[in-house]
1. In percent, what relative contact order does the chain have, based on Cα pairs under 8 Å that are 6 or more apart in sequence?
2. Full-extension gain between Lys29 and Tyr164, please, as 0.36 nm times their residue separation minus the C-alpha to C-alpha distance.
3. Measure up Lys16/Lys72; Lys16/Lys168; Lys55/Lys123; Lys29/Lys71; Lys113/Lys159; Lys55/Lys171 against 24 Å on the Cα-Cα distance and list the ones that go over.
4. Explain nothing, just the number: dipole magnitude of segment 11-173 about its Cα centre with +1 on each Lys and Arg Cβ and -1 on each Asp and Glu Cβ, in debye rounded to the nearest 20.
5. Under the rule of at least 5 residues apart or a separate chain, name every residue whose amide H is placed under 5 Å from the amide H of Lys2.
6. Using only the Cα atoms, work out Rg/Rh for the chain, with Rh taken as the Kirkwood radius, to two decimals.
7. How high is the FRET efficiency from Ile39 to Lys171, r the C-beta distance, R0 35 Å, rounded to 0.05?
8. Charges at C-beta only: +1 for Lys and Arg, -1 for Asp and Glu. How large is the resulting dipole of segment 126-174 about its Cα centre, in Debye rounded to 20?
Amino acid sequence: MKLDILTYPNPILFQKCNEVSVIDDDLRKFLDDMYDTMIASNGIGLAAIQVGVNKRIFIINLLNEESIQDKKDLIEFINPVITPIGDAKQVYEEGCLSVPGFFEEVTRYDSIKVEYYDRFNNKKTLEANGLLAVAIQHENDHLDGHLFIEKISFNAKKKFEKHYKESKKRKKNK
Ligand code: QAP
Ligand code: CO
């Protein structure tokens, strides 16, 4: 089932999320709904709070070498904890389903370790770099009530304000 995605400046997006205490069939059903929502919205990552659910959960499904978004590559992160590996940074042009139509460069750690639980309550550890590391850090920020637009340059923030005002006008005329 596809859920509605909250968009900036909905105050729910700025909430700090709570840890998941039980991983049961209801939670697995919710993870399926998150996947349907992400795919229907042409996303590669989605956090629970983006659909109004205050839980430390996100999902990521990047494209493979053939540029196909294969469900086999879906990763579901429950109660993730991220640790940077080293000091190296990377810059990537990010977007967010909660900030539709706006893309801007963000600097993040190049390499990270993430510990999390999967949908069957198995504890997992993953080391990531490149785009997967970007996606994990972007989604993990949602769990602490942060959006990528808080991490962009001063000039990019001005560009965002303009984009946001224009998108409000477009909504009004729709
Ligand atoms: C987070 O973002 C992310 O504005 C996931 O019009 C960001 O799926 C992962 C999207 C950067 C890796 C790198 C945004 C789709 C999707 C839009 C998304 C839009 C249509 C964003
Ligand atoms: Co996002």
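1. Reported as a whole number, the value is 22 percent.
2. 45.3 nm
3. Lys16/Lys72; Lys16/Lys168; Lys113/Lys159; Lys55/Lys171
4. 940
5. Placed amide hydrogens put nothing under 5 Å from Lys2.
6. On the Cα set of the chain, Rg over Rh gives 0.96.
7. 0.90
8. Dipole magnitude for segment 126-174 comes out near 880 debye.
Computed from the coordinates by the stated procedures, all read-outs in this text should not be read as laboratory data. Remember, it's a predicted structure, so these values are computed and weren't measured experimentally. Heads up, the Cβs are rebuilt from the backbone with ideal geometry, glycines too, and the neighbour counts pull from every protein chain shown.
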